There are 2 protein chains.
Amino acid sequence: MTKKIQVVLAEDQAMVRGALAALLETEPDIAVCASAANGRDALAAIAKQKPDVLVTDIEMPEMTGLTLAGEVQSHFPQTRVVILTTFARPGYLRRALDSGAKGYLLKDRPSAELADAVRRVHQGMRVIDPDLAAEAWDSGPDPLTDRERQILWRAGEGKSSAEIADELHLSEGTVRNYLSEAISKLGASNRVEAARIARAKGWL
Amino acid sequence: MTKKIQVVLAEDQAMVRGALAALLETEPDIAVCASAANGRDALAAIAKQKPDVLVTDIEMPEMTGLTLAGEVQSHFPQTRVVILTTFARPGYLRRALDSGAKGYLLKDRPSAELADAVRRVHQGMRVIDPDLAAEAWDSGPDPLTDRERQILWRAGEGKSSAEIADELHLSEGTVRNYLSEAISKLGASNRVEAARIARAKGWL
DNA sequence: TGCCTTTCATGACATCTGTCACCTCACTTT
DNA sequence: AAAGTGAGGTGACAGATGTCATGAAAGGCA
């Protein structure tokens, strides 16, 4: 047999990280050469190990998987990236592909697909969840501006317009204007629903 | 060696389920005899297999891990339950223990602890995450009434007072009263923050 | 029987939210 | 130089939200 496919694993939940490593180690042609609990550590491991494939979660402390994918793409292009996440959010998929990820796999999928995805991506193929790809296509791009995103995020945390204005050094009226705009763009009827929709799409 | 510890696994994310099974299978004294994607299927598996230990997630479709723990406790008391979840929520821990669970483990913990927990619980010990137990102790019991919970849940989804009133056949004023009460009990300053706090504590 | 607790309801009030028309100021573009 | 363009702001208004005092009806229990 030729050399095993070297994989680095990035996932913040230690239990899941260990379990995924155990899963990949059951494959005779795959070896997990390092694993990390956040994007920053993963990047350091990649610099040292130069693995064939990175399998990474998205929501992690320090550096998200999406940012990590971008860094890997620009500094270590020989390492292919597979995103492995809970979230079937069109915005996430779009950003993942923009960041150079070659695979996007959901944690809902059968565990056998992980090793498959690693092998395919290693061979230069792309592996994208087909349902999600279709959804991403017809849900369109993120309609929010940066300001709207910042403000909607805080509103979703339960902050009042006045508090948000204070934090961002804006007037309260301006904050209300941005929220109004975001609400109408998302077809919501108030800030809470708008935040919910934006979160579901992966735009927050 | 004596017979292996028989484990049933309940976890809705297929990838994680498969990975956890692979992890447990690496232990020489543990065997995963069945796994299920929701509480209902898990209960059926337990009825058939009569396993020593059930390892279950909390948030699952059809039947949550907490409800499942209660069912197992009353119908199959010889099966000990270990809750394995992402959520460090005092309310979840409390309900888990009330439902007869013998273990409560976070997915943040090192993967080696899972097999340990299974062994200990099998021997009749309890395994509770110590930090979470302390937090649960001083955060007190759920202060919300059923009505307040129902209403706060819907408010957190972005529904207006009028919509909630309609859904629950109450007057709008009554809904506002309950929300006001919930907001003050939780020390929040509006409905959104109140919902956030309640979710974080595991009370929603 | 009387007392207590829950649940639900009103009305009144102050404040917060969402919407809209319109304005300023600093940049680009042409 | 004139005409956009985008970020930010103002003021006004209707409607939603949060608070409080008060009260009716229903069940538990001593």
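Each value in this text was obtained by applying a stated rule to the coordinates, not by laboratory testing. Fair warning: this is a prediction, and the values are worked out from it, not measured in the lab. Note: ideal-geometry Cβ built from the backbone for every residue, glycine included; neighbour counts use all protein chains shown.
Cβ under 12 Å from B:L144's Cβ, B:L144 left aside: what net charge do those residues give with Lys, Arg +1 and Asp, Glu -1? Mind dumping the intermediate values first?
Numbers: positive: B:R147, B:R149, B:K185, B:R199, B:K201; negative: B:D142, B:D146, B:E148, B:E181.
My count for the surroundings of B:L144 gives +1.
If a/c stays under 1.5 just call it rounded; otherwise compare a/b with b/c (prolate if a/b is bigger, oblate if not). Do that for the protein assembly as shown, with a ≥ b ≥ c from the square roots of the Cα gyration tensor eigenvalues. Taking the square roots of the gyration eigenvalues as a ≥ b ≥ c, the protein assembly as shown is oblate. Pairs from the table (B:K4/B:K50; A:K102/B:K107; A:K3/A:K102) lying more than 18 angstrom apart at Cα are A:K102/B:K107; A:K3/A:K102.
Quick one: net charge of A:P130's neighbours, Cβ under 15 Å, K/R +1, D/E -1?
Numbers: positive: A:R109, A:R120, A:R126; negative: A:D108, A:E113, A:D116, A:D129, A:D131, A:E135, A:D138.
Charge balance in the 15 Å sphere: -4.
The smallest convex shape that holds all Cα atoms of the stretch A:146-201, its convex hull, gives 65 Å³ per residue. Ordering A:165-176, B:184-195, A:63-74 by mean Cβ neighbour count within 10 Å, with the highest value first, yields A:63-74, B:184-195, A:165-176.
Grab the Cα-Cα distance for B:M125 and B:N177, subtract it from 0.36 nm times how many residues apart they are, and report the gain in nm with one decimal. Walk me through the intermediate numbers first.
Working: separation 52, 0.36 × 52 = 18.72 nm, distance 4.54 nm.
Stretched out fully, the B:M125 to B:N177 stretch lengthens by 14.2 nm.
For the stretch B:1-65 versus the stretch A:9-81, the inter-centroid distance based on Cα atoms is 27 Å.
Once you reduce the stretch A:167-204 and the stretch A:139-157 to the center of their Cα atoms, the two points are 6 Å from each other. For peptide B:21-30, the mean count of partner chain Cβ atoms within 10 Å of a residue's Cβ comes to 3. In chain B, the alpha-carbon atoms span a convex hull of 125 Å³ per residue.
Taking a Cβ cut-off of under 11 Å around B:A37, the surrounding Lys, Arg, Asp and Glu residues balance to a net charge of -4, with basic ones at +1 and acidic ones at -1.
For the stretch B:92-204, the equivalent ellipsoid built from the Cα gyration tensor has semi-axes of 36, 13, 12 Å, listed from largest to smallest.
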